[in-house]
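Undergrad: The structure under discussion is supplied below as structure tokens; questions concerning it will follow.
The values are calculated or read from the model by the stated rules, or taken from the named source; none is laboratory data. Remember, it's a predicted structure, so these values are computed and weren't measured experimentally. As a convention, Cβ positions derive from the backbone with ideal geometry for all residues, glycine included, and neighbour counts pool all protein chains shown. For the accessible areas, the whole protein counts, side chains as well, though only heavy atoms, and no ligand, DNA or RNA atoms are used. Shrake-Rupley method; radii C 1.70, N 1.55, O 1.52, S 1.80 Å.
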Amino acid sequence: MINLLFVLLFFILLYTAVLYQSQAALALCVLFIFWSLASFFQVLYCRKMIRIDLPFSAYTGSKEQQAVFTFTLKNTGFLPLSGVRLCFLLLDQTGKKAEEKTLFLSLGPRSRRKFSLTFSSPYCGRFHVQLKELRIYSFFSLAWASLKTDLTGEAVFFPKPLPVLLKVSEKTRYFISEEEDGLETPFLASSACGSLMEDIRRYRPRDPLKLVHWKLSARTDDLMVRIPDTEEGFCVLLFLDLAIPKQGDPVRQISAFFQWAASLSFAMVEMKCSHLMIWFDQKEQCLRRLPVRNEEELDFAVYCLLHGEFYQDPKSLYSLYSREYPTAAWACRLLLDTRLDLWREEEKLLSSAPETLKEDLASTEIIV
């Protein structure tokens, strides 16, 4: 593409050269033609020589509700990039634009530079960063060309725990798990933490049948068992139903759901109440069980939760857990869904809304 301002200037010079028979104006017209051709070929050349590397994920900034996204721009050619226009979009979980950032950069020949963008969002969760447009300009912006890209990354905004009025009952505090020697290592997908096989091994004689992973055994045609964990049991099970909310603003509802889950888990960590955070992994088609005994494990569990995939219809998590772990024991089961309803067994403890979540958690006593 040619800048329309320069095209208009060319026709003015041409008109002047013809009308007044000006040799100077005619020479400028010829120079302009050569300049246009040179700019055109420069843009085509630089278009093939430019490279951009987007990271898989942004990292959390120093301030809350901020994520810093750093990318690398490379020029592998011998001509400089006199002008590059980059347009980035921050997309929420529904694919809507949450924020837009535009950068104008330049780069020397055969060089590379790193650039950073800071995105902000009033909501927590996993957002996507998309490179919407990449435009290359020639010297003095005479010509330009756009390059189509489908590059995407992600920006994760962690929830800030809210104060929760939590009380741990005597039954829960002094509960001794009957499965203390049979609790498996948290079952993590390969995309979340290393290899899937790190927590699974082949069956050995005298292994308890309750440790057999039947689904994986059926897929591999070999009997596979989970590696047992000899640490303490978990008396509280916190189930999280990742069904897509049907009412209200989905992004705001999901953000409040993440905030409530993190707040409740953080409150139990402060009360020294070890627990399991459990949800259904839509991708792996299995239950995820992550232990939470300290703040480090809480951060990791929340990170995995933010990367969980939502599904259309609610799951019967209690039934799924009983079928998957028929000999499991617990003192208390909690269930939090995206409607912001908190259940203890079949009893509803609290029903909230995104705009009143902070007040409800601070004013309603939750007994586990």
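Undergrad: Regarding the range 246-262, can at least one residue be identified that is hydroxyl-bearing (Ser, Thr, Tyr) and under 16 Å from the mean Cα position of the chain (by Cα)?
TA: So far as the range 246-262 goes, yes, one or more of its residues are hydroxyl-bearing (Ser, Thr, Tyr) and under 16 Å from the mean Cα position of the chain (by Cα).
Undergrad: Let me ask something additional. What number of residues within the range 90-116 are closer than 30 Å to Thr338 by Cβ and either among the small types (Gly, Ala, Ser) or part of a strand (DSSP E or B) (or both)?
TA: The number of residues fulfilling the criteria is 8.
Undergrad: If you don't mind, another one. So which residues in the range 250-279 are closer than 22 Å to Arg339 by Cα and open to solvent by 20 Å² or more (accessible area, probe 1.4 Å), if there are any at all?
TA: Passing the criteria: Pro250, Arg252, Gln253, Gln259, Phe266.
Undergrad: Would you say Phe175 is hydrophobic (A, V, I, L, M, F, W, C), open to solvent by less than 20 Å² (accessible area, probe 1.4 Å) and under 30 Å from Asp360 (Cβ atoms)?
TA: So Phe175 fails the test.
Undergrad: Go through (1) surrounded by fewer than 17 Cβ atoms within 10 Å (Cβ to Cβ); (2) assigned to a loop (DSSP other than H, G, I, E, B); (3) under 20 Å from the mean Cα position of the chain (by Cα) one by one and return the number of the condition Gly308 breaks.
TA: For Gly308, the exception is condition (1).
Undergrad: Is it true that Glu154 is part of a strand (DSSP E or B), at pLDDT 60 or above and either closer than 30 Å to Thr327 by Cβ or open to solvent by 30 Å² or more (accessible area, probe 1.4 Å) (or both)?
TA: no
Undergrad: Please work out which one of (1) crowded, with 18+ Cβ neighbours inside 10 Å; (2) closer than 30 Å to Lys215 by Cβ; (3) of a type in the set (A, V, I, L, M, F, W, C) is the condition Leu357 fails and give its number.
TA: Here Leu357 clears every test but (2).
Undergrad: State which residue pairs qualify: first residue closer than 17 Å to Ser265 by Cβ and inside the range 352-364, second residue part of a helix (DSSP H, G or I) in any location, beta carbons under 7 Å apart, and separation of 6 or more residues or different chains.
TA: Ser352/Asp360; Leu357/Ala256; Leu357/Gln259; Leu357/Trp260; Leu361/Ser263
Undergrad: Of the residues Asp241, Asp222, which single one is acidic (Asp, Glu) and more than 27 Å from Lys358 (Cα to Cα)?
TA: From the options Asp241, Asp222, the qualifying one is Asp222.
Undergrad: Scan the range 79-135 residue by residue and report those that are acidic (Asp, Glu) and in contact with a Leu (Cβ under 6 Å, 6 or more places away or on another chain).
TA: Glu99, Glu100, listed by residue number.
Undergrad: Another question about this same structure. Counting only residues that are in a loop (DSSP other than H, G, I, E, B) and open to solvent by less than 30 Å² (accessible area, probe 1.4 Å), how many does the range 315-338 have?
TA: Selection size over the range 315-338: 5.
Undergrad: Something else now. Condition check: modelled with pLDDT of 85 or more and surrounded by fewer than 21 Cβ atoms within 10 Å (Cβ to Cβ). Does Pro228 satisfy that?
TA: Taking the combined requirement at face value, the residue does not satisfy it.
Undergrad: Filter the range 237-266 for residues that are of a type in the set (Phe, Trp, Tyr) and assigned to a helix (DSSP H, G or I) and give the result.
TA: Within the range 237-266, Phe257, Phe258, Trp260, Phe266 meet the criteria.
Undergrad: Is there any pair linking a residue in the range 267-295 that is in a strand (DSSP E or B) to one that is among the hydroxyl-bearing types (Ser, Thr, Tyr) and crowded, with 21+ Cβ neighbours inside 10 Å, with Cβ under 9 Å and at least six apart or on different chains, and which?
TA: His275/Ser265; Met277/Ser265; Val292/Ser265
Undergrad: While we're here: Please go through the range 117-129 and give me each residue that is buried (at least 18 other Cβ atoms within 10 Å of the Cβ) and part of a strand (DSSP E or B), ordered by number.
TA: Leu117, Phe119, Gly125, Arg126, Phe127, Val129 - these are the residues of the range 117-129 that are buried (at least 18 other Cβ atoms within 10 Å of the Cβ) and part of a strand (DSSP E or B).
Undergrad: Quick test for you: out of Gly95, Gly108, pick the one residue that is closer than 30 Å to Phe258 by Cβ and loosely packed, with under 15 Cβ neighbours inside 10 Å.
TA: Gly95
Undergrad: Here is a follow-up. Do we find that Leu209 is open to solvent by 30 Å² or more (accessible area, probe 1.4 Å), at pLDDT 80 or above and more than 17 Å from Leu287 (Cβ to Cβ) in this structure?
TA: No.
Undergrad: Could you tell me whether the range 270-282 includes any residue that is within 20 Å of the chain's Cα centre (by Cα) and farther than 23 Å from Pro245 by Cβ?
TA: no
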